[in-house]
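A.B. asks: Following this message is one structure expressed as structure tokens.
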Amino acid sequence: MQVRETAIKGLIELIPRVFDDERGYFFESYNKPLFASLGLPMDFVQDNQSFSVKGVLRGLHMQNEPFAQGKLVRVITGQVLDIAVDLRPDSPTFGQYETFLLDAKLANMAYIPEGFGHGFVALEDSIFSYKCTNVYNKVAESGIRWNDPDLNIDWGISNPIVSDKDQELKAFREIFPHAVV
């Protein structure tokens, strides 16, 4: 498995070797010794899956302590632009984001540590899968509006389909009033 480290500490892309032929394909999506050598969690406690039609934007979501979640994300079918925003106030990359083009044909994955806001936009009809290091908790649920002007994220599309719930998320400065980005 190829590992691509990003400029944001702890945030990585994993690109497995895909074996394919006329029968189909095979790849390894999890390898405990490899994950351990990278300092990644071994104990995923919840798996989630969603389907999104082309143009759907979900995010930016996060879970507050004590229910913060690390996530191993990938697409099973389709292609998404995945966004992870560093929301760790003591981090030198606080307020910065990284993008991953997750593609079912590549089988690539991103590991997003605890303390990040996360979202994605479906570039085609897509099934999105993610393993979490903690269980979902409604009370700990939080997020930042996808089009926050301070974050200025380029989602790569115009007029995304965004849920009412995600349209009502807070602005970055409402959550971090003293932040400098």
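The values are calculated or read from the model by the stated rules, or taken from the named source; none is laboratory data. These numbers come from a predicted model, not from an experiment. Backbone-built Cβ (ideal geometry, glycine too); neighbour counts: all protein chains shown. Ligands, DNA and RNA are stripped out before the accessible areas are found, and what is left, the full protein with its side chains, is counted by its heavy atoms. Shrake-Rupley method; radii C 1.70, N 1.55, O 1.52, S 1.80 Å.
A.B. asks: Which of the residues that make up region 11-21 are in contact with a strand residue (DSSP E or B) (Cβ under 6 Å, 6 or more places away or on another chain), part of a loop (DSSP other than H, G, I, E, B) and open to solvent by 40 Å² or more (accessible area, probe 1.4 Å)?
C.D. replies: Listed by number, the list holds a single entry, 18.
A.B. asks: Could you tell me which numbered condition residue 128 fails, if it satisfies all but one of (1) assigned to a strand (DSSP E or B); (2) over 20 Å from residue 78 (Cα atoms)?
C.D. replies: Among (1) assigned to a strand (DSSP E or B); (2) over 20 Å from residue 78 (Cα atoms), the lone unmet condition for residue 128 is (2).
A.B. asks: Sort out which residues of region 1-10 are surrounded by 11 or more Cβ atoms within 10 Å (Cβ to Cβ) and either part of a strand (DSSP E or B) or in contact with a Ser or Thr (Cβ under 6 Å, 6 or more places away or on another chain) (or both), and write them in order of number.
C.D. replies: 3, 4, 5, 8 - these are the residues of region 1-10 that are surrounded by 11 or more Cβ atoms within 10 Å (Cβ to Cβ) and either part of a strand (DSSP E or B) or in contact with a Ser or Thr (Cβ under 6 Å, 6 or more places away or on another chain) (or both).
A.B. asks: Here is a check on your reading of the model: is residue 59 on the phi > 0 side of the Ramachandran plot, of a type outside the set (Val, Ile, Thr) and in contact with an Asp or Glu (Cβ under 9 Å, 6 or more places away or on another chain)?
C.D. replies: yes
A.B. asks: Could you go through region 28-36 and let me know if any residue there is free of Cβ contacts under 8 Å to residues at least 40 places away in the same chain, of a type in the set (S, T, N, Q) and surrounded by 13 or more Cβ atoms within 10 Å (Cβ to Cβ).
C.D. replies: Within region 28-36 (the criterion being free of Cβ contacts under 8 Å to residues at least 40 places away in the same chain, of a type in the set (S, T, N, Q) and surrounded by 13 or more Cβ atoms within 10 Å (Cβ to Cβ)), the answer is yes, since at least one residue qualifies.
A.B. asks: Sticking with this one: Go through (1) part of a strand (DSSP E or B); (2) in contact (Cβ under 8 Å) with a residue 60 or more places away in the chain; (3) not acidic (Asp, Glu) and name the single condition residue 146 misses.
C.D. replies: Every condition holds for residue 146 apart from (1).
A.B. asks: Here is a further query. Filter region 162-181 down to residues that are part of a loop (DSSP other than H, G, I, E, B), open to solvent by 90 Å² or more (accessible area, probe 1.4 Å) and of a type outside the set (A, V, I, L, M, F, W, C) and give me whichever is nearest to residue 141 (Cα to Cα).
C.D. replies: Residue satisfying both the conditions and the ranking: 168.
A.B. asks: Being closer than 19 Å to residue 100 by Cα and out of contact with any Lys or Arg (no Cβ under 7 Å at 6 or more places or on another chain): is that true of residue 154 here? Break it down into steps so the answer makes sense when it comes.
C.D. replies: Working: closer than 19 Å to residue 100 by Cα: yes; out of contact with any Lys or Arg (no Cβ under 7 Å at 6 or more places or on another chain): yes.
In short, yes.
A.B. asks: Now a separate question. Here are some residues: 24, 39. Which one is open to solvent by less than 40 Å² (accessible area, probe 1.4 Å), out of contact with any helix residue (DSSP H, G or I) (no Cβ under 6 Å at 6 or more places or on another chain), without any contact (Cβ under 8 Å) to a residue 40 or more places away in the chain and small (Gly, Ala, Ser)?
C.D. replies: Among 24, 39, only 24 is open to solvent by less than 40 Å² (accessible area, probe 1.4 Å), out of contact with any helix residue (DSSP H, G or I) (no Cβ under 6 Å at 6 or more places or on another chain), without any contact (Cβ under 8 Å) to a residue 40 or more places away in the chain and small (Gly, Ala, Ser).
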